[in-house]
Amino acid sequence: MTNYDEPITISHGMDVLGSDGEKVGDVADMRGDYVIVSKGFFFPTDYYIPSTAIQSVTDGKIYLGVTKDEALNQGWDEEPVSTETVTTAAPITDVGMPIQNPVPRSADTAFTSDTMVTNDADTISVPLAEEELTARTREVERGGVRVEKVVTAEEQTLDVPVTEEHVNVTRRHVDRDVPVGETTFEDVTIEVPLHAEEVELDKRAHVVEEIEVAKEATTSTQQVTGSVRREDVRVTDSTGDIVDDDTISR
């Protein structure tokens, strides 16, 4: 418990905790009878906590007489109307506790890494995404071949031996008697058949050749090019100076 007879000093950046030990925020400024407590870092919310709510100051931390949830639900996020003028020349006293030299928030006492305490509530995650180029194949028809059998005709000549019968008449001189009973002196016709061979053409179809058509798959490598997008981050402060620029390193 703070001794009310001794003045206390409230400085910028001091932790403000509820009676349950949960952190409410950091001291950002003093205005009249109120301590401005900033909750959050990237998107802070100011709470105007009256000095009457301060229970004690111990080890550089301000403890309130209410819990964190009670402090955040008292309507203290609305700036109160005050006609008091605060100067740093004289201490400000409230509920018997003199407050020595409060440090207002200004450009010179802006949030810095030396006075800022970051907890889970003061940290935001900024996801950065990028596109990755992938490829897949699909089957398409790239033409084809057609196998046709074409009939052509050509003349062939064969040498075929043929046999043909002819008559040869040979006269021989003889002298003998006519046999008894043989008819003589009559007209007689004797027919002697003659034979010859004629060539007839026959055709026989037979397979002389076969062709085989087979498909063969070959694999080659093709280079494909595409554009991909990537998200980077650039962090600048209130003056526009670059604090971190991931686009340069990449």
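Every number here is computed from the coordinates shown, using simple stated rules; none is lab data. Keep in mind that what you see is a predicted model, and the values were worked out from it rather than measured. So basically every Cβ, Gly included, is an ideal-geometry build from the backbone, and we count neighbours across all protein chains shown.
With each label modelled as a point 7 angstrom along the Cα→C-beta vector, the residue 61-residue 186 pair spans 16.6 nm. Note on residue 126 and residue 159: the extension gain reaches 2.0 nm, defined as 0.36 nm multiplied by sequence separation minus the Cα-Cα distance.
Each residue of segment 60-67 was assigned a 3J(HN,Hα) from its phi angle through the Karplus expression (A = 6.51, B = -1.76, C = 1.60, θ = phi - 60°), giving x, 10, 9, 10, 8, x, 10, 6 Hz with x at Gly and Pro.
For residue 24, the residues 5 or more places off, or on other chains, whose built amide H falls under 5 Å of its own are 16, 17, 18.
Backbone geometry of segment 223-234 corresponds, through the Karplus equation with coefficients 6.51, -1.76 and 1.60 at θ = phi - 60°, to 3J(HN,Hα) couplings of 9, 10, 10, x, 8, 10, 10, 9, 8, 10, 10, 10 Hz, x marking Gly and Pro. 3J(HN,Hα) couplings calculated from phi for segment 185-198 with the Karplus curve 6.51 cos²θ - 1.76 cosθ + 1.60 (θ = phi - 60°) are, in sequence order, 6, 10, 6, 10, 10, 10, 9, 10, x, 10, 10, 8, 9, 10 Hz; Gly and Pro show x. For residue 10, the residues whose amide H sits under 5 Å from its own are 100, ignoring neighbours fewer than 5 places away on the same chain, with H placed 1.01 Å from N. A Förster radius of 22 Å, combined with the Cβ-Cβ distance separating residue 79 from residue 22, puts the computed FRET efficiency at roughly 0.40.
Can you compute the label reach from residue 215? Point 7 Å from Cα along the Cβ direction, backbone N cut-off under 16 Å, restricted to segment 128-162. Counting backbone N atoms under 16 Å from the label point, the list is 138-147. Listed by chain and number, the aspartates and glutamates whose C-alpha is less than 16 Å from the C-alpha of residue 39, apart from same-chain residues fewer than 8 away, are 15, 22, 26, 29, 69, 70, 77, 78, 79, 120, 122.
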